[in-house]
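The values are calculated or read from the model by the stated rules, or taken from the named source; none is laboratory data. Computed from a predicted model, the values in this text were never measured in an experiment. Backbone-built Cβ (ideal geometry, glycine too); neighbour counts: all protein chains shown. The protein model used for the area step is the full one, side chains on, heavy atoms only, and it has no ligands, DNA or RNA in it. Shrake-Rupley method; radii C 1.70, N 1.55, O 1.52, S 1.80 Å.
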Amino acid sequence: MNSVLIALDAFSALYLIIILFALYFGNGREAKKTRFFRYTLWACLGGILSEIVACSLLLYNGPESLKAIFICLSYVFINILVAVYGVYLYVLIKEYYPTFKKNFTYFTLLLCVLNIAIIIAGSITSDLYTIANGEIVGLPLSRAILIIPTICYINMISLIVKIRKALSITRNILVLILVAVPALSIVIMYFYSNFGQGYPCAAISLDLIYIVIQSQFVTEANTKALLYNQMSVNDALTGLKNRRGYQEVIDHISPDDTVGVVFCDANSLKSVNDNFGHEAGDRLLQRIADLLKTSFFDGDICRISGDEFIYIEKNMNKNDFFTQAQSFGDLLKKNDCIASYGYATGTGDMILNVISAAEHEMYSDKERYYSETGRDRRR
């Protein structure tokens, strides 16, 4: 029987280690949100390893003192598992119900600490278990110490109901999974006192919780991280890359790359804002962005300031680039010259000079625009 239990525990430990590995190598937001679930996994893993060592010592007739220590630890860790799982439930609820009090958590921790003290005393007095035919057989005290985990389990039911509402868990089977973590261990320990501590069942339940519950947090964390990254490099008004996104584009240009740059600046934006309102000014900027998207699609388009746009293409064909740039100029003319532009080409090691040259051409184009229209450049 010990060899079977060792095999079950070993497989259970392997799955827990895989989950822990996945959680520890997630992103920062994910790691923060899964912290107490990781503690629950560690508590279960500690109990499994203690049980493996205890059964191995029994199987190979190890020192009596070591047998006593690891058998005691295998009983102790079930209480640690219940206590930490209770904290995990509390943390989940606290996120959705900030006013929820810690009374339940303190109560659970106090009961589990009391139970651990009883276990240690029972181990010392030999009232907790006996060893028969090389296997652990629980004495009446081993069933009595299940009273406290059972009380904690009953109290957890109300928390699980709150979690169900907060996480919009509509399927009853998912609620059953949450309940199963402490329940399966308690039932097995009570009715089969010589069948280990029920850690394989607890491990299976935690695996299912990871798949059903924690995976939601992992997905949510990854989605938020992706959204945050997109928001940090993208301009909300136009959907183009913003100044930070532009800097990332510059940083990823290699010295040997050939680059083409188009520098574009809105015309008379201040006048539009003053006469027609900022919403009209926003529509003007969005229109310029749409024209850039229509004309260029192989590189990166960025809005680098309020009315300035830049297009950067790496390793382009110069003839094709010049053709696109000139077509973009024609498109601006068809749209009432709503922006001035300039373009230039060069190599990656001189990217700032290329951008400066394109900007210089843009200013020349803008001078022609104000000269031909007679408009006040300051307005």
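Structure values in brief
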{"quantity": "Of all residues in segment 58-79 being among the aromatic types (Phe, Trp, Tyr) and touching a helix residue (DSSP H, G or I) at 6+ places or on another chain (Cβ under 7 Å), the one that is farthest from CYS44 (Cα to Cα)", "calculated": "PHE70"}
{"quantity": "Among the residues listed as ALA289, ALA280, ALA266, the single one being open to solvent by less than 40 Å² (accessible area, probe 1.4 Å), under 23 Å from ASN353 (Cα atoms) and small (Gly, Ala, Ser)", "calculated": "ALA266"}
{"quantity": "So ARG303, is it among the charged types (D, E, K, R) and in contact with a Ser or Thr (Cβ under 7 Å, 6 or more places away or on another chain)", "calculated": "yes"}
{"quantity": "Odd one out for LEU167, checked against (1) at pLDDT 65 or above; (2) more than 30 Å from ASN61 (Cα to Cα)", "calculated": "(1)"}
{"quantity": "Residues (open to solvent by less than 90 Å² (accessible area, probe 1.4 Å) and at pLDDT 80 or above) located in segment 18-31", "calculated": "ILE19, LEU20"}
{"quantity": "Every residue from segment 261-279 that is aliphatic (A, V, I, L, M) and more than 39 Å from the chain's Cα centre (by Cα)", "calculated": "ALA266, LEU269, VAL272"}
{"quantity": "From the options LYS334, LYS318, residue that is in contact (Cβ under 8 Å) with a residue 24 or more places away in the chain and open to solvent by 60 Å² or more (accessible area, probe 1.4 Å)", "calculated": "LYS318"}
{"quantity": "Selection status of ASP298, open to solvent by less than 20 Å² (accessible area, probe 1.4 Å) and either in contact with a Ser or Thr (Cβ under 8 Å, 6 or more places away or on another chain) or free of Cβ contacts under 8 Å to residues at least 40 places away in the same chain (or both)", "calculated": "no"}
{"quantity": "LEU110 vs. criteria at pLDDT 90 or above, more than 29 Å from SER3 (Cα to Cα), of a type in the set (A, V, I, L, M, F, W, C) and not in a loop (DSSP other than H, G, I, E, B)", "calculated": "yes"}
{"quantity": "Selection count where residues are part of a loop (DSSP other than H, G, I, E, B) and either within 26 Å of TYR85 (Cα to Cα) or open to solvent by 80 Å² or more (accessible area, probe 1.4 Å) (or both), scope segment 128-154", "calculated": "4"}
{"quantity": "Residues located in segment 284-299, provided they are under 16 Å from GLY329 (Cβ atoms) and in contact with a strand residue (DSSP E or B) (Cβ under 6 Å, 6 or more places away or on another chain)", "calculated": "ILE288, LEU292, PHE296"}
{"quantity": "Single unsatisfied condition, THR108 versus (1) closer than 15 Å to ILE145 by Cα; (2) open to solvent by 30 Å² or more (accessible area, probe 1.4 Å)", "calculated": "(2)"}
{"quantity": "Residue within segment 59-80 that is open to solvent by 40 Å² or more (accessible area, probe 1.4 Å), more than 29 Å from the chain's Cα centre (by Cα), among the hydroxyl-bearing types (Ser, Thr, Tyr) and modelled with pLDDT of 85 or more present", "calculated": "yes"}
